[in-house]
Amino acid sequence: MDDLHQLSISGAHQLLKEREVSSVELTKASLRHLAEIEDKVRACVTVTEDAALRQAEEADKAMTSGEIKPLTGVPALIKDNMCTKGMKTTCSSKILENFVPPYDATVIEKLKAEKAVILGKTNMDEFAMGSSTENSAFYPTRNPWGLDCVPGGSSGGSTVAVATDEAIYALGSDTGGSIRQPAGFCSVVGLKPTYGRVSRFGLVAFASSLDQIGPVTKSVADSAFVMNVIAGHDPRDSTSAPYPVPDYTKSLIPDLKNLRIGIPREYFVEGMQEEVRTSVQAAINKLQELGAEIDWDVSLPHTKYALAAYYILAPSEASANLARYDGVKYGFSYQDTNNMWEAMEKTKQFGFGAEVKRRIMLGTYALSAGYYDAYYLKAQKVRTLIRREFDQAFEKYDALVTPTSPTVPFKIGEKVDDPMQMYLSDVCTLPINIAGIPAISVPAGFADGLPIGMQIIGKPFDEETVLHIAFAYEQATDWHNKRPAI
Ligand code: GLN
């Protein structure tokens, strides 16, 4: 078989279980394919072939003796903001260019405990700040559906790696849309779990009250498989929730009987691309055919304040989180001076890119005396209102459905000089982080060959309903089977 790299987790697991292939064969196939196409898309920052093959050998050994779990022996790529012991973790930043963590993030420990195979790390917007992966300090990643287009961001490397079959699945992180928006742009499945569902221990912090790790996969079933492994309480992350983890594969039900779905009109924003609107409306009709009761006229009026609140809250937290990069403890350190203050200043000056500096300045300003009440405190109040509005909606509906983003992938370079336009690319996703609730993006169509995503939003800790609706839709449509011609 020379197309092993194209398998899903379910497909790979089946073949591994039946001894049709070994993990080493599977891993070699993925690495070979990755080497062939990586130059065209540049989805990866680090590829660790030898380590991956060693892990594959171990997985093969484990499989001869014990139980074969769904992720055992299956090759994955990891967004480069999750700490991997002995493997560089750069956040696609100059300041961490040579940083090798001495420990694994909890999610990585969990993957390793399953004997998963880690092929390497994926490219991202620096410190996850961005929506196009153009803010990587190294190089932009390209969208395989249109090589002159962005893949979305900040987990663009992970979504491109999955869309192009470089890896069977990947992990991403989502602070304001960074899993879902690029998943939508690359026609793969991206889930942002409820805040607290997946441990953030070892995830390099951007905005700690918004960040979540989640799966990027080729199918909804695969998303459930990954969630079964990465979800759960972790005493090392005090914000992780002490709730039991269900078996998410039980949510993979093909009909939507007895489900009530609301369509919040504020998400069909002004300026939205017509094909996005019509594709998502058609997708919602499909949900109705599958048995769901649809209310087309839901209103969440505070949605319009979400973007402004996010760009106060996220930069404020970032400004605090990024203070640690002073050249003393981690990574890049400017040495060409005898003055400590100058060394710290120059470390940040040369170590951080423009967008990161913009966020640090915005955040520092919003938190400073005299402005704190006007900006940060007010944004926190807006946050409460937004969460309350979702809570009220969920008294009536099991889930809400919206487009993932207002447009299809835009051209590389098109928005780099216009931060506001770039920020608007997440209008549909960032309210979800503000409320801390789960949402998934699933492939829902194309416009001129470029992907369109549909977002399904659920109640806190109800990833099950989100996966259920996503699965039923996927089973009834063909979008997820399309692969870019590359
Ligand atoms: N694009 C948004 C931002 O730039 C969200 C990023 C993310 O989710 N990490 O902040």
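The values are calculated or read from the model by the stated rules, or taken from the named source; none is laboratory data. Computed from a prediction, not measured in an experiment: that's the story for all the values here. Note: ideal-geometry Cβ built from the backbone for every residue, glycine included; neighbour counts use all protein chains shown. Please note that ligands, DNA and RNA were not included when accessible areas were found on the heavy atoms of the full protein model with its side chains. Shrake-Rupley method; radii C 1.70, N 1.55, O 1.52, S 1.80 Å.
Residue-level check: of (1) at pLDDT below 95; (2) touching a strand residue (DSSP E or B) at 6+ places or on another chain (Cβ under 7 Å), Val416 misses just (2). Kindly indicate whether any position in the range 271-285 is at pLDDT 95 or above and not in a helix (DSSP H, G or I). Taking every residue of the range 271-285 in turn, at least one turns out to be at pLDDT 95 or above and not in a helix (DSSP H, G or I).
Candidates are the residues of the range 162-182 that are among the small types (Gly, Ala, Ser) and under 27 Å from Gly196 (Cβ atoms); the one that is surrounded by the fewest Cβ atoms within 10 Å (Cβ to Cβ) is Ser173. Restricting the range 411-453 to residues that are closer than 24 Å to Trp479 by Cα and within 13 Å of the ligand (Cβ to nearest atom), the residue that is most open to solvent (accessible area, probe 1.4 Å) is Val427. Of all residues in the range 351-374, those satisfying the criterion of being within 16 Å of the ligand (Cβ to nearest atom) and either open to solvent by 60 Å² or more (accessible area, probe 1.4 Å) or not in a helix (DSSP H, G or I) (or both) are Phe352, Gly353, Ala354, Lys357, Arg358, Met361, Leu362.
Note on the range 396-442: residues that are within 17 Å of the chain's Cα centre (by Cα) and part of a strand (DSSP E or B) amount to 5.
Within the range 413-425, residues that are closer than 10 Å to Val150 by Cβ reach partners that are polar (S, T, N, Q) with beta carbons closer than 6 Å, at six or more positions or on different chains, in the pairs Lys415/Gln421; Met422/Ser131; Ser425/Ser131; Ser425/Ser405. Can you find even one residue in the range 339-358 that is among the β-branched types (Val, Ile, Thr) and over 30 Å from Cys83 (Cα atoms)? No: zero hits. Taking residues in the range 303-327 that are among the β-branched types (Val, Ile, Thr), and partners anywhere that are outside any helix (DSSP H, G or I) and open to solvent by 10 Å² or more (accessible area, probe 1.4 Å), the pairs with Cβ atoms closer than 9 Å and at least 6 places apart or on different chains are Thr303/Val269; Thr303/Val427.
The set of residues in the range 63-84 that are over 22 Å from Leu96 (Cβ atoms) and either open to solvent by 30 Å² or more (accessible area, probe 1.4 Å) or among the β-branched types (Val, Ile, Thr) (or both) comprises Thr64, Ser65, Gly66, Glu67, Ile68, Lys69, Pro70, Thr72, Val74. In the range 238-266, the residues that are closer than 27 Å to Val198 by Cα and part of a loop (DSSP other than H, G, I, E, B) reach residues that are open to solvent by 40 Å² or more (accessible area, probe 1.4 Å) and hydroxyl-bearing (Ser, Thr, Tyr) with C-beta atoms within less than 9 angstrom, at least six apart or across chains, in these pairs: Thr239/Tyr195; Ala241/Tyr195. Of the residues making up the range 315-331, those that are crowded, with 20+ Cβ neighbours inside 10 Å and either β-branched (Val, Ile, Thr) or touching a Ser or Thr at 6+ places or on another chain (Cβ under 6 Å) (or both) number 3. Every condition in (1) out of contact with any strand residue (DSSP E or B) (no Cβ under 8 Å at 6 or more places or on another chain); (2) open to solvent by 30 Å² or more (accessible area, probe 1.4 Å) holds for Val45 except the one numbered (1).
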